[in-house]
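Written below as structure tokens is the structure these notes are about.
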Amino acid sequence: MIKAVRGTRDLLPPETALWNFVEAAARDVFRAYNFQEIRTPIFEETQLFARSVGEETDIVSKEMYTWEDRGRAQSDKGQSLTLRPENTAGVVRAYIEHKLWERGLSKLFYIGPQFRRERPQKGRYRQFYQIGAEAIGPATAGSESPARDAEVLELLATFLDRLGINDWNLELNSVGCPKDREGYNEALRKALEPVVGKMCADCQRRAVTNPLRVFDCKVPEDQPIIETLPRIGQFLDEGCRQHFEQVQDILKAVGVPFVLNDRLVRGLDYYTRTAFEFTHGALGAQNAILGGGRYDGLSESLGGPSAPGIGFAIGEDRLVLALKESAEAVMRKPDVYVAPLGAGMNREAARIARELRRHDVVVEMGDETFRLKKSFETASKMSAKFALIVGENEVKAGAFALKNLETGEQVSVPRGELPQKLQSNRNS
Ligand code: AMP
């Protein structure tokens, strides 16, 4: 038997209703904050990720699905392509390619699959979904302002609250500018020198190539050593310090709670200044529900103009896991099961169903060969609220028997009144 590949999975009903619910809520919130949708390709040139996410990150060094293209055209040959492991790089590539700065500040959101060859476990998949957004543009359009950071964080708090996820935690840090990081990396290298021999192989490599990445280490034995390392906070210049303070100030003013976490450096190289993560208690080991931050130099490092930006990516799979208990409440059940009774009644039932659906009534249909008992049983099994009997007598009379499947009560309703009757008794 052929099964879905390890780390990938089918999303089935009723869970898909929850996915749609989450995505609809996201679209609503994005609209209120004036974000518009972008859809970038699922695969890109490999060097896009190497140059933005960073060669030394786990994502680029171990987790990408990369292959050499063997298209027909000469220019295709040997081109290295990669399934996107995240979407910020693609969005910034599109920003540069389409000169989106000509519109001032671009506020873009995306919803879609990402691919990383990670060890699969609950909440961690090889094809997973992210809902993300980027606010990027020339500094003159206000893209650098701490007000932007606070706006994005406040949007996220609003979104999670809207979904009924209340027990989230916002962890906040500033990773400074590249210059601050140079000084910090130097200090880290020095601090690591005498102790790195006792650390894992990854950390030994990181200590040489990119010491900041030591903070990504998950090996328990390394943690006490990491605890003793200097923190980025002491290395921020005045501009970065003030920026970070203003972000915190606005968050306090709008009532978004946060905690400072000076170990939070995020697993991607392009971050500058504000870095953040929202965690959620119910998720266990994979408790990061979303992450993001500022990436003021990213556009330039990809050959574009200066375009400070800030963005985030929400792990949609984890969001849905956190919401799972509410799946029943979110799924819309049929308002009515239309039961054609006797030969020739399928066509009458189809006409009535069409009319009702035009009035936004959720309709399921039986078949004229079903006995009434079977129709009622089928309707109850799918939790339809009503069954509507469409038989020859009803069609002649222009009024139909409507049975409430919860109470058993049955009434005759004239055809013209059906939509209204069903709308006012909608299954919620
Ligand atoms: P990142 O792009 O690594 O900052 O990830 C942002 C969010 O995407 C994380 O907080 C997770 O919620 C989610 N995420 C990242 N990797 C995976 C994965 N392999 N499976 C499921 N969700 C993931």
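General remarks:
- Per-residue SASA entry for Tyr125, accessible area with 1.4 Å probe, Å² rounded to 10: 30
- Residues Met1, Met365, Met345, sorted by accessible area with the largest first, give Met1, Met365, Met345 [1.4 Å probe; ligands and nucleic acids excluded].
- Using θ = phi - 60° in the Karplus curve 6.51 cos²θ - 1.76 cosθ + 1.60, the 3J(HN,Hα) couplings for segment 135-140 round to 10, 9, x, x, 4, 5 Hz; x is entered for Gly and Pro.
- Taking Cys200, Cys240, Cys177 as the candidate residues, the one with maximal mean-square fluctuation in a Gaussian network model of the chain, Cα springs under 10 Å, is Cys200.
- By accessible area with a 1.4 Å probe, ligands and nucleic acids excluded, highest first: order of Lys333, Lys381, Lys374, Lys179: Lys381, Lys179, Lys374, Lys333
- Gyration tensor verdict on segment 1-69 (Cα atoms; rounded if a/c is under 1.5, prolate if a/b is larger than b/c, oblate otherwise): oblate
- Tensor-based shape of segment 167-290 (alpha-carbon gyration tensor, a/c under 1.5 rounded, otherwise prolate or oblate): oblate
- Taking every protein chain into account, the accessible area of the chain amounts to 48 square angstrom per residue (probe 1.4 Å).
- Ligands, DNA and RNA aside, Asp58 has an accessible area near 40 Å² when probed at 1.4 Å.
- Only Lys, Arg (+1) and Asp, Glu (-1) charged, at Cβ; segment 332-426 dipole about Cα centre in debye: 180
- For the chain, the alpha-carbon radius of gyration amounts to 1.25 times the rule-of-thumb value 2.2 N^0.38 Å expected for a compact globular protein.
- With all protein chains in place and ligands, DNA and RNA left out, the 1.4 Å accessible area ranks Thr16, Thr140 as Thr140, Thr16, largest first.
- With every protein chain in place, the chain: carbon and sulfur % of accessible area (1.4 Å): 50
- Here the dipole of the chain is about 1320 debye; that uses its Cα centre as origin and unit charges on the Cβ of Lys and Arg (positive) and Asp and Glu (negative).
- With the helix formula -39500 (n - 2.57) applied to DSSP H stretches of n ≥ 4, the chain reaches a computed 222 nm mean residue ellipticity of -10500 deg cm²/dmol.
- Using a Gaussian network model of the chain in which every pair of alpha carbons under 10 angstrom is joined by a spring, one finds that among Glu182, Glu37, Glu55 the greatest mean-square fluctuation is at Glu182.
The values are calculated or read from the model by the stated rules, or taken from the named source; none is laboratory data. Given the structure is predicted, the values throughout are model-derived calculations rather than measurements. So basically every Cβ, Gly included, is an ideal-geometry build from the backbone, and we count neighbours across all protein chains shown. What goes into the accessible areas is simple: the full protein's heavy atoms, side chains included, and nothing from ligands, DNA or RNA. Shrake-Rupley method; radii C 1.70, N 1.55, O 1.52, S 1.80 Å.
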